[in-house]
Amino acid sequence: MSEVVLARTVTESQSERSEIIFPSDANALGNLFGGRLMQYIDLVGAMAASRHARAITVTASMDHLDFLAPVQVGDLLILKSSVNRAYRTSMEVGVKAMVEDVRHNRMRHVSSAYLTYVAVDKDGSRIAVPQVIPETEHQKRRYEDAGRRREMRSGETLRKKEMRAALGDEWHV
């Protein structure tokens, strides 16, 4: 019988992924496709969420995605993720993407995003997740910021639901 874990530290689930950017990942300018970067962000975010929940997780939303600088063919892309805050069945995960200049030993910030994941069982039903224990000042700030973002998302979700109801079934015509 497994022991129920009520909380985990941020560090326990942090994840990292590295990618070399090839021509098949790029547009005509030799820059990484934004959609491919979104895929990488989603994958590394899911790694942190799954590690935290110790369960299957599904992406519920991606928001505040910022493309700050292009990623070029040949670049070494480093993506880092951590669970900022957990709720009953969902978690906010922050992802930061950097390009590593291996010749000069420098990192360049190219993108950031916040994603929400939901933990599910093998049948797709929501399951409870452990809470997050932020330890550093940086983690505590991200924890508090995640609460504010959740409030904003909730308001926007309600607004959209009301708008769809007002538009009716023929909204697309």
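The values are calculated or read from the model by the stated rules, or taken from the named source; none is laboratory data. Just so you know, these numbers come straight off a predicted model, no measurement behind them. All Cβ positions, glycine included, derive from the backbone under ideal geometry; neighbour counts span all protein chains shown. In case anyone asks, the SASA skips ligands and DNA or RNA and just uses the protein heavy atoms, side chains included. Shrake-Rupley method; radii C 1.70, N 1.55, O 1.52, S 1.80 Å.
Exposed loop sites here are trypsin sites (Lys or Arg not before Pro) in DSSP loop states with at most 10 other C-beta atoms within 10 Å. What is the longest stretch of the chain lacking them? Don't skip to the end; give the middle numbers.
Working: sites that count: 103, 122.
Of all site-free stretches, the longest is 1-102.
Partners of residue 160 within straight-line reach, counting aspartates and glutamates whose Cα lies under 17 Å from its Cα and excluding those fewer than 8 residues away in the same chain: 63, 151, 169, 170.
Per residue, how much accessible surface does the chain expose to a 1.4 Å probe? Answer in Å², no decimals. Please list the in-between numbers first.
On the way: 10570 Å² over 173 residues.
Per residue, the chain has 61 Å² of solvent-accessible surface.
Annotation for residue 163 and residue 63: the two label points, set 7 Å from Cα along the Cα-Cβ direction, are 1.3 nm apart.
Of the accessible area of the chain, computed with a 1.4 Å probe over protein heavy atoms only, carbon and sulfur atoms account for 54 percent.
With a 1.4 Å probe rolled over the protein heavy atoms of all chains, the accessible area of 52, 64 falls in the order 64, 52, largest first.
Counting only Cα atoms, region 1-93 measures 53, 22, 19 Å along its principal axes, largest extent leading. Each Lys and Arg Cβ is given +1 and each Asp and Glu Cβ -1; about its Cα centre, the chain then shows a dipole of about 300 debye. Looking at region 65-173, the chymotrypsin sites (Phe, Trp or Tyr not before Pro) that sit in a DSSP loop and have at most 16 other Cβ atoms within 10 Å of their own Cβ are 87, 171. Applying 0.36 nm per residue to the separation of residue 76 and residue 28 and subtracting their alpha-carbon distance, the gain on full extension is 15.4 nm.
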